[in-house]
Number of protein chains: 2
Amino acid sequence: MDTKSRIIDIATSLFQKKGYLGVGLNEILKACNISKGSLYHHFPNGKEELLIACLHSLNEAITTHMEEIFQNYPSTQAATQAMIEELIVQYDRDGMITGYTFSSIVSEMGSLSEPVRNACDQSFTNIQEIYSNKLIADGFSKETTDSISLMMTASIEGAIMLCLTKKTSDPLKMISQVLPNLLNSY
Amino acid sequence: MDTKSRIIDIATSLFQKKGYLGVGLNEILKACNISKGSLYHHFPNGKEELLIACLHSLNEAITTHMEEIFQNYPSTQAATQAMIEELIVQYDRDGMITGYTFSSIVSEMGSLSEPVRNACDQSFTNIQEIYSNKLIADGFSKETTDSISLMMTASIEGAIMLCLTKKTSDPLKMISQVLPNLLNSY
DNA sequence: CCCTCCATACCAACCGGTCTGTTTTTAAAT
DNA sequence: ATTTAAAAACAGACCGGTTGGTATGGAGGG
């Protein structure tokens with residue numbers, strides 16, 4: 001794997017763990033075993049450019065992974081539960097959730113950097129669209145689809161936040177149980 | 001108002017806007033028009049002690065405010081919609097939501113400082129309990145109450161995050177429309 | 001020879017925090 | 001009521017360390 005991709009991968013993980021401001025350049029350099037010159041060769045505009053590259057990479061990883069899940073399950077409900085189950089397994093194993101959430105980035109940088117905010121916006125939109133497509137396939141109306149997909153995006157994101165706060169995967173488990181009720185209520 | 005309370009108020013707002021690491025001590029000092037000596041007189045353990053004081057203050061403000069709303073409305077549904085409406089008004093006016101969310105703090109500091117994480121946990125628990133009490137009063141069963149109140153906490157928190165990301169209050173509006181469906185599905 | 005890639009020394013700015021000294025307030029003693 | 005001592009509150013210089021970022025130079029392959 002080439003250096004640039006390795007930097008992005010490692011930095012992505014670090015940013016997700018500790019937030020943008022929580023990670024220093026030196027920490028990234030050490031984790032990647034590279035020098036400052038190398039980093040600034042691949043990312044001439046510095047840390048923020050790296051962050052945006054990480055967000056794009058993360059966005060693609062999430063999208064492809066979710067699409068794979070949503071292809072392999074017959075209904076929105078089944079796919080969603082499988083996806084949440086994966087998040088739970090990952091949390092119980094690693095004590096954190098990488099490769100899905102970027103709330104920390106948004107809340108830190110959303111008001112400071114438009115490019116960063118846009119990248120996060122794009123990711124949320126993609127996620128919600130995956131829900132929407134499956135809901136449409138399930139036969140829901142356009143309006144209902146918009147409502148449910150947004151509710152799913154928001155509640156799962158919120159549940160992840162609650163898991164990190166409460167140091168347990170219970171919130172995600174509970175959401176996974178509640179979402180079917182929402183789907184059946186339409 | 002005494003100096004210490006003023007520091008807490010101003011710092012709380014700054015922390016919510018820019019996150020913990022995004023605000024420097026000097027910025028706080030300038031905003032409060034005080035000196036470093038004064039700050040360290042009131043908070044001998046420095047920045048983190050100040051943050052925790054802010055979280056406690058915020059927790060109390062949220063709790064009392066929500067309890068007031070939930071007393072003045074007959075049902076969970078009405079109270080929740082009124083509360084979300086307030087959030088929307090505030091967002092459309094100020095472009096941000098202060099006095100409710102602390103996701104930024106959790107995602108930055110949750111894994112670094114146990115006291116901070118505990119303070120945030122306490123706040124989430126309090127919020128959820130306000131929902132729960134009203135739901136019980138509405139006649140929901142204990143189990144159902146736990147599910148719904150968690151769903152409400154998570155989805156509203158997530159919706160706030162989406163509002164900040166997308167720079168529109170639409171997500172909160174949508175959640176406000178969807179939540180009644182959830183309540184009626186039990 | 002040039003261009004990609006990397007390494008390192010260096011920089012000003014800022015970080016949170018400490019220290020010392022001064023002002024202001026409080027309260028007890030006369 | 002006045003004096004006085006102690007304590008609370010505040011001001012600002014100073015500190016080591018770190019931050020993100022730059023400039024320069026070298027290695028290596030086409």
Estimated FRET transfer efficiency (A:Gln177, A:His42; beta-carbon r; R0 45 Å; 0.05): 0.50
Calculated FRET efficiency for the pair A:Ser35/A:Tyr73, C-beta based, R₀ 41 Å, to 0.05: 0.35
Accessible surface, per residue, of the protein assembly as shown when the full set of protein chains is kept, probe 1.4 Å, Å²: 42
A:Ile52, A:Ile97, reordered so the largest accessible area comes first (probe 1.4 Å): A:Ile52, A:Ile97
Per-copy distances of the A:Asp170 label point, shortest first, in nm (7 angstrom along Cα→Cβ): 3.6
The range B:52-184, accessible surface, carbon-and-sulfur percent (1.4 angstrom probe): 48
Inter-site label distance for A:Asn126 and B:Ser5 at 7 Å from Cα along Cβ, in nm: 4.9
Pairwise burial B:A, computed as accessible area of each alone minus the pair, summed, 1.4 Å, Å²: 3600
Shape category assigned to the protein assembly as shown from the gyration tensor of Cα positions, a/c cut at 1.5: oblate
Part-to-part distance (alpha-carbon centres) for the range B:80-137 and the range A:23-63, which is given in Å: 32
Members of B:Lys47/B:Lys167; A:Lys4/A:Lys36; A:Lys4/A:Lys47; A:Lys166/B:Lys134; A:Lys30/B:Lys47; A:Lys17/A:Lys167 lying beyond 21 Å, as alpha-carbon distances in this model show: B:Lys47/B:Lys167; A:Lys166/B:Lys134; A:Lys30/B:Lys47
Area accessible to solvent at B:Ile69, 1.4 Å probe radius, in Å²: 10
Pairwise label distance in nanometres, A:Glu114 with B:Lys142, each label 7 Å out on the Cα-Cβ vector: 5.5
Reciprocal of mean inverse Cα separation for the range A:1-135 (Kirkwood radius, Å): 15.9
Solvent-accessible ranking of A:Lys30, A:Lys18, largest area first, probe 1.4 Å: A:Lys30, A:Lys18
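The values are calculated or read from the model by the stated rules, or taken from the named source; none is laboratory data. If you're wondering where the values come from, they're calculated on a predicted model, not measured in any experiment. Here the Cβ is made from the backbone with ideal geometry for all residues, glycine too, and neighbour counts use every protein chain on show. The accessibility values were calculated without ligands, DNA or RNA, using every heavy atom of the protein model including side chains. Shrake-Rupley method; radii C 1.70, N 1.55, O 1.52, S 1.80 Å.
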